[in-house]
Every structure is written in structure tokens, then in C-alpha cells.
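Peer 1: Structure in C-alpha cells, see below.
Just so you know, all these numbers are worked out from the coordinates, no wet-lab data involved. Note that the structure is a prediction, hence the values are computed from the model and not measured. In this analysis, Cβ positions are derived from the backbone assuming ideal geometry, glycine residues included, and neighbour counts consider all displayed protein chains.
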Amino acid sequence: MLRLDSNAALNGLGQRNIERSTSLIYRTDSLDACVVTRVEGLVLLYHRPSGATHLLNSPAPEILDLLAAEPCDAATLTRRLCETLGASEDEDALMVVSARLGELAEIGLVSAH
């Protein structure tokens, strides 16, 4: 089980990886591929295709919801996520979204093309 922390360090993404993340299109499986349970502000997600269970906190569940609705690049996702959460869209937001996308891709919940 992996817990994604929205305040975690950016895992060395750096400017080069952020530029790369904005040129890729990210997608996720349909929401039918997951069983989602909300528990005290967290999301417990069972991913049927992999058989893995993940414990997610914001903004990871919102990212998955937005990508399930429409695949997009990191910059577009950042704009949509900031609108959804009522947050400021700036370079820091893009860095956080890019880091979360990398983590979600690493555990197989999103793919990039």
C-alpha cells in the first residue's frame, strides 16, 4: 500500500522533468476499474487490473477523477485541478501536480504517452 503525500518533497523532479511532464498526455483507467472507499479524508482505492490497493490523499484522487473524465497534459491538469480545488494556479502547483503524476505513474494508476 502506498500513501501519496501532497506535501512530500518533489523527489528530484527538477525543471527538466516538469517540462517533460507538460509534453506528455496522461490517462487513467476508467473509474469502473477501481473500487473507491473514502475514509476520514483519505481514499482507499482497489485497482482491479493490478490487484493492488492504495491509500491516497488529496490531490491524488482528484487527479484520477479529472484524468478519467479527460486525458490531458500536466499543465492542463494543473489548471483544471486548481479550478476544482479553488487553489492558485502557479509554478508551485504545476510542480506538485507533476510530482503526483510521476508517483501515480510509478504505481500504475496513470500512464503517459
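Peer 1: Could you rank the peptides 66-77, 86-97 by their average count of other C-beta atoms within 10 Å per residue, with the highest value first?
Peer 2: 66-77, 86-97
Peer 1: Taking the mean number of other Cβ atoms within 10 Å as a proxy for protection, how do you rank 103-111, 30-38 from highest to lowest?
Peer 2: Put in order of decreasing packing, that is 103-111, 30-38.
Peer 1: Next question, about the same structure. Using the Karplus equation 6.51 cos²θ - 1.76 cosθ + 1.60 (θ = phi - 60°), what ³J(HN,Hα) coupling, rounded to whole Hz, does each residue of the range 44-55 give in order, writing x for Gly and Pro?
Peer 2: Running phi through 6.51 cos²θ - 1.76 cosθ + 1.60 with θ = phi - 60° gives 9, 10, 9, 9, 4, x, 9, x, 9, 10, 10, 10 Hz.
Peer 1: Could you give the nm distance between label points at ALA87 and VAL35, where each point is 7 Å from its Cα heading toward the beta carbon?
Peer 2: Between ALA87 and VAL35, the label points sit 3.0 nm apart.
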